[in-house]
Amino acid sequence: MEEFLQEWQIISKAWKLSLERNKLERLPGKFCAPDLLSVVLANNPIVSLPGSFLWSFAKLRVLDLCGAAFQNLREELGNLKDLVCLDLSYCVKLKNLPDTVGKLHVLKYLDVSGCESLKYLPSGVVGLTSLQVLCTKFCDDLTWAEHTPSGMARAESLAHAYPTIEALLEDICGLVALRELTIFKINDPGVELPHNISALTKLRVLHLELFEAKTLPAEMAYCFIHQELQLWSLSLEYLPRTFTCCGTFPALLKFEIAVCVSLVEFAKVDEGALPKLKTLHLVENHSLETLPLSLEVLTSLRNLILNDCEETLEDCCRRNCEKSSIWRRLNIRYL
């Protein structure tokens with residue numbers, strides 16, 4: 001479709017409108033569909049979003065504009081009082097969000113990942129106390145309009161990316177209700193976690209997508225007080241020795257090491273390390289050929305999952321089972 005529906009009256013009673021993957025460049029100024037709850041216009045080359053079009057949706061809860069070609073969003077966006085989900089991902093020409101985004105008091109999901117022209121998040125975003133997910137992947141130059149997002153202290157889940165600005169990660173640790181955090185870095189061989197990450201006492205999952213990182217901070221093993229760690233890094237060759245020393249990761253229940261295609265060694269595990277670990281999940285670690293027999297000292301370990309790993313690693317696990325009765329009691333899955 002190259003033009004929007006001319007006879008829009010036929011959907012005036014609809015709850016959902018999806019015109020995904022068409023060739024729409026312009027939307028009508030006049031439109032009336034007061035009962036719509038969801039509008040999906042993803043992957044259309046939309047060059048403008050008329051304010052009068054936004055006025056048409058009194059009850060809208062989901063607005064998906066992924067991949068649109070407009071540069072600005074109108075202030076009328078703030079009139080969508082019931083909006084829960086706003087997807088602006090890969091709107092590569094989008095330069096700014098209106099401050100009126102702060103009026104979306106029930107907004108829970110905001111995705112601006114891939115908006116490479118977006119330079120800052122307006123002050124209104126800081127006031128989104130219902131926000132649970134904020135995704136900013138591939139936004140290399142993105143900053144906060146305000147230095148500290150203290151108004152978002154109730155946020156529970158934040159998918160979050162600041163590839164170059166470490167100070168902003170320090171600010172994120174002020175979100176004391178945070179339960180899930182993704183730190184996304186690309187083209188950065190060194191990694192420093194914020195010193196105050198232990199302040200996130202309710203954090204359950206920390207997901208590190210590091211890609212170019214060759215090392216991880218050794219002290220992380222002692223300050224990490226959370227239940228789940230997911231690690232992705234294409235360039236990481238070794239885990240720090242501290243990761244498997246006595247007293248490390250005192251609360252960790254699940255450790256997932258995924259797409260670490262350069263990882264060649266899993267270090268010997270000391271007694272007292274990872275005392276609560278129940279699940280070790282390895283995904284697509286194509287250079288890792290062995291696991292130490294000393295994993296048997298992990299008294300809480302119940303599940304070992306090898307997902308798309310090399311046969312040599314699977315063979316190593318089978319040999320360890322022959323040598324150790326503790327290994328034989330593990331639930332080992334080869335996926």
Give the number of residues within region 38-77 that are part of a loop (DSSP other than H, G, I, E, B), in contact with a Ser or Thr (Cβ under 7 Å, 6 or more places away or on another chain) and within 23 Å of Y120 (Cβ to Cβ).
-> 2
Out of all the residues in region 16-24, is one or more over 25 Å from Q132 (Cβ atoms), basic (K, R) and surrounded by 14 or more Cβ atoms within 10 Å (Cβ to Cβ)?
-> no
How many residues are farther than 19 Å from S117 by Cβ, under 28 Å from the mean Cα position of the chain (by Cα) and of a type outside the set (K, R) when one looks only at region 55-74?
-> 4
What pairs can you find where one residue is in region 33-55 and over 12 Å from L65 (Cα atoms) and of a type in the set (F, W, Y), the other is assigned to a loop (DSSP other than H, G, I, E, B) and at pLDDT below 90, and their Cβ atoms are less than 7 Å apart, with a gap of 6+ or different chains?
-> F53/L27; F53/P28; F53/G29; F53/F31
Show the residue pairs that are 6+ apart or on different chains and have beta-carbon atoms under 6 Å apart, the first residue being within region 230-252 and farther than 17 Å from L203 by Cβ, the second being part of a strand (DSSP E or B) and of a type in the set (A, V, I, L, M).
-> W232/A258
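Could you say whether any residue in region 258-278 is of a type in the set (V, I, T) and over 29 Å from N196 (Cα atoms)? Full working, then the answer.
Within region 258-278, the subset of a type in the set (V, I, T) is 259, 261, 264, 269.
From what is left, the residues that are over 29 Å from N196 (Cα atoms) are 261, 264.
Checked region 258-278: at least one residue is of a type in the set (V, I, T) and over 29 Å from N196 (Cα atoms).
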Out of E265, E237, E256, which single residue is in contact with a Phe, Trp or Tyr (Cβ under 6 Å, 6 or more places away or on another chain) and either of a type in the set (D, E, K, R) or surrounded by fewer than 16 Cβ atoms within 10 Å (Cβ to Cβ) (or both)?
-> E265
Residue in region 98-109 that is part of a loop (DSSP other than H, G, I, E, B), at pLDDT 90 or above, surrounded by fewer than 16 Cβ atoms within 10 Å (Cβ to Cβ) and out of contact with any Pro (no Cβ under 8 Å at 6 or more places or on another chain) present = yes
Of all residues in region 43-82, which are touching a Phe, Trp or Tyr at 6+ places or on another chain (Cβ under 7 Å) and over 18 Å from K16 (Cα atoms)?
-> I46, V47, S48, L49, G67, E76, N79
Are there any pairs, at least 6 apart or on different chains, whose C-beta atoms fall under 6 Å, with the first in region 71-88 and charged (D, E, K, R) and the second in a helix (DSSP H, G or I) and buried (at least 18 other Cβ atoms within 10 Å of the Cβ), and if so, which?
-> E76/L54
Take the residues in region 308-332 that are in contact (Cβ under 8 Å) with a residue 12 or more places away in the chain and closer than 12 Å to P292 by Cα, then tell me which one is farthest from the chain's Cα centre (by Cα).
-> K323
Filtered residue count, region 78-97, keeping only those that are farther than 23 Å from E180 by Cα, among the small types (G, A, S) and in a loop (DSSP other than H, G, I, E, B) | 0
From (1) part of a strand (DSSP E or B); (2) at pLDDT 95 or above, pick out the condition that doesn't hold for L231.
-> (2)
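The values are calculated or read from the model by the stated rules, or taken from the named source; none is laboratory data. Here the structure is a predicted model, which is why all the values come from computation and not from measurement. Glycine gets a Cβ as well: all are built from the backbone with ideal geometry, and neighbour counts include every protein chain shown.
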